[in-house]
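Here's the structure, in structure tokens; my notes come after.
Just so it is clear, none of the values below were taken in a lab; they were calculated from the coordinates. All of these numbers come straight from a predicted model, not from anything done at the bench. Every residue, glycine among them, receives a Cβ derived from its backbone with ideal geometry; neighbour counts consider all protein chains shown.
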Amino acid sequence: MFQSLALDQHRLSIPLFMLLLSAPVLAAADSRPSHDHSRGKEPATAEHDPHAQHHDMATATAGADDPHAHHRAAMHASGYQRSEHDYPLPGVTVMDMNGVRTPLAEVVSSDKPIFVNFIFTTCTTICPVMTGVFAKLQDALGDERDDVRMLSFSIDPDYDTPARLRAYAELFGAESQWDFYTGRLEDIIRVEKAFDVYRGNKMNHEPTTLLRAGPDAPWVRIDGLASADDLLREYRKLTTAKASGH
Amino acid sequence: MLRVDGGVPAGTALTAAGRWLLWALALSAATAQPALGGGDAASTPVERGRRMYQQGILPSGDAMTGVVLGQVELSGQQVICSYCHRRSGLGASEGQDVVPAVTGDILYAPLRLPTSKPPLPPALRPAYDDASLKRAIRDGIGADGEPLSALMPRYALSESDLGDLVAYLRVLDSRPDPGVDDTEINFATIVPDSVDAGAAEAYLAVFDAFLQQKNAETRNEPRRAAQAPWHRAWSLEAYRRWRLHRWDLQGPPSTWQAQLLRHYREQPVFAVLGGVGPGVDWRPIHEFCDAARLPCLFPTTDLPVADETSFYNLYLSRGMALEADAVAANLPQNDLRPTQVVQVYDPADDRSRVAASHLEKSLSSSGIGLRAVPVGAGAAATGASAAATGLGGRVAAALATDAPTALVLWLAAQPAGKLLRQLPPVPRVVAVYLSGTLWEGSWDHIPEQWRPRSRFVWTRALPAELPQLLRRSTGWLRAKKSYDPAHQRLQADAYFLLKIVGGALSVNRGFFVRDFLIERIERDVDNAIYTGVYPRVSLAPGQRFVSREALIAKVTDSGAMAAVTEWSNPERR
């Protein structure tokens, strides 16, 4: 029976052959594999690589004569990558947490420096940390916070209604310079793609923060978990450069 | 045996019957601890630890706080252990970040870590003990002496509080839940006797065909798992033969919880797959599932319980409540801006009644006047002629106002058509809203003069889109000689839920834990290729309805049903 099928020339033992043929057609085969395929299927572990966070350290706290340096360093950001990009944005409308619709172009048209991140309210792992970082940044800026804009876009707009975003904003103590946005799913996806943060299933999302000094400046992209100190430092670099005309 | 993770999920409204159930199940399953503590629910270390783990509340009643990234202090809801490590304790992944399992049996044993650097052998994470586990939670140092991920909060807890949390983690385990053994997994589906026999048959035919095929393809995997290399065992260990038990429900819904308990005691099942009850108020079943901590997955009902604090009940759509919300959301978008609504409903039909009551609630603070006219009631009005007390007369009377009015008919095609024929098409009735769920007939029932103003509300895809959406299931069912075009929606719902559950179980890594099944489904629905009769499905941790959207459509001059609005969530107004 099996010989009639067109197979390549590899010799297969019958049990393995049957495994290949009997792969669960009804179950996993029809499911598009999620982007975290390899991770999701490993036995739940502690660190995939226990030393990963020691590599690519962007902070300078790992002093050779401080025995606790690497512990302290690891407690800070696990390292992030910085790059600069021009992102042409789509002509879509988004809705703020008070239900007011605004063209995206207008949302990002401010002369003030802008911080952007992407969250959703039922996200359990990355978003509380990223939103907490924004909250910490807000506190660190103090009165200076009125000189910036902070934008958080929901990547689950169908669930994240303005009411849910308001509750989330209140949970983290967001002040007036910090807005949360939702919108039509198709429009939000276009925004995500424009900023190159779209990863399909929202559970595949990664921690990315963007900042821009002004409307004519490029977007600074921060991939990875940046602490509030990291964001503050990047912000100072940008605004110093802006002030000195670079 | 029942998982020893303490009382009832927060927010569950238990009826007296439900409370009795919980005790009955706890006793019958002979657990080590009663599921509900008497008196103070948090009086043992395990129960106090459970409250910390699941709700982020300290024994003192304060919210827990933790520090991430060395400096960001998060508190309360933002640092609840179960949010990341999940209620099952089996962890999760998001993007590139893996949240490890923290069940006691996994923590207190060495763990083989996969290596991404072959040919190096895998590393072993040493077993935790109480002291090193407390150190991990408080200081973020792992069993191997290395710092834990920057995402893991460091919790400044007292020794006593740490003791409670660790006590809970010790009893949290990954052993299989009832209903599954080494070779078989048992499921049930629910069939209330009020449901049409043909509908039940069409629904169950999908299950029969699915199980036959699945079991035919599940052959030697469990044996192979025993001999597999360790890094392959996880995929093979997921296989079991599926057995489906039909749980019939007879008589009044007040007796259903006792019947469900009896069914369960005859044969415990791992989960309940669906259930056929479009017009059935699902609440009694919903409460049973919460009390029994039994996943009840995607029944076909237009009357789900809207309570999203239920952990164990997952639904397809909000049904009639969603239709009512869609009508309420559409009213202000109507060019002619109705300021009054007259709705007609059938008190004897649960779906009709619930829709009307939900619309009334939705509009209560909108400033839009609402009048409700029940079908059949009011016939005892004294001294009035038959014509005036007939439904047509009563609706006409309700419409006797100058204000622009929307008429909402929570009725099937025939009675709706009959009523509309009795009503003069006065211009002040600017729109007639009709229920896509209740209609069940052709659009011809709408008299010509009412057609331009008629608006259907749909909580599923329009009929013209169904062939494309259902192509997979239709083709497969045809091949299995089980396709029933008269029950397209039921069969599509069954096919969808079986695909989702089958997929989630196949990647459960051998952990047959009920909570974990739900957690996997929460993640995997967004990847679904087949979405049944819904244009879009999505879930996330804590969400319980895969489809939250609706649209408004009208019948065009050529007799086709065409969308007037987008498919969107009426809550986002």
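Taking the Cβ of each residue in B:R421, B:R154 as the centre, tally the other Cβ atoms inside 10 Å and list the residues starting with the fewest.
Ranked by crowding around the Cβ, least crowded first: B:R421, B:R154.
Less than 14 Å Cβ to Cβ from B:L477, Lys/Arg counted +1 and Asp/Glu -1: what total charge do the surrounding residues give? For residues surrounding B:L477, the net value is +3. By the compact-protein rule of thumb, 2.2 N^0.38 Å, the alpha-carbon radius of gyration of region A:148-195 corresponds to a ratio of 1.15. Mean partner shielding of peptide A:156-167, defined as the number of other chain Cβ atoms within 10 Å of each residue Cβ, is 4.
The mean number of partner chain beta-carbon atoms within 10 angstrom of a residue's beta-carbon across peptide A:202-211 is 4.
Bridging of A:K136 to aspartates and glutamates at a Cα separation below 19 Å is possible for A:E144, A:D146, A:D147, A:E170, A:E175, A:D179, A:D223, A:D229, A:D230, A:E234, B:E73, once same-chain residues fewer than 8 apart are set aside. Ranking of A:T125, B:T183 by neighbouring Cβ atoms within 10 Å, starting from the fewest: B:T183, A:T125.
Placing +1 on the Cβ of every Lys and Arg and -1 on the Cβ of every Asp and Glu, with nothing else charged, gives chain B a dipole about its Cα centre of roughly 900 debye.
Highest mean packing comes first when the peptides A:186-193, B:205-212 are listed by Cβ atoms within 10 Å, giving B:205-212, A:186-193. Taking label points 7 Å from Cα along the Cα-to-Cβ direction, A:K112 and A:R166 give a separation of 2.1 nm.
Give the average over all directions of the projected area of the C-alpha convex hull of region A:100-246, one decimal, in nm².
Its average projected convex-hull area is 8.2 nm².
Taking GluC sites (Glu not before Pro) in DSSP loop conformation with at most 16 other Cβ atoms inside 10 Å as exposed sites, chain B has its longest uninterrupted site-free stretch at B:1-307. For chain B, the number of Lys pairs with C-alpha atoms closer than 18 Å, counting only pairs eight or more positions apart or on separate chains, is 4.
Among A:F120, B:F298, A:F195, the ranking by other beta carbons within 10 Å of each residue's beta carbon, starting with the fewest, stands as A:F195, A:F120, B:F298.
Dipole orientation for region A:109-246: of the candidates A:V220, A:L185, A:M130, A:V220 has the Cα lying most toward the positive pole (charges on Cβ; Lys, Arg +1; Asp, Glu -1). Applying a 4.7 Å Cβ-Cβ cutoff to chain B leaves B:C81, B:C84 as cysteine residues with no disulfide-compatible partner. For peptide B:520-530, the mean count of partner chain Cβ atoms within 10 Å of a residue's Cβ comes to 4. Take the convex hull of the alpha carbons in region B:437-537; its mean projected area over all directions comes to 8.4 nm².
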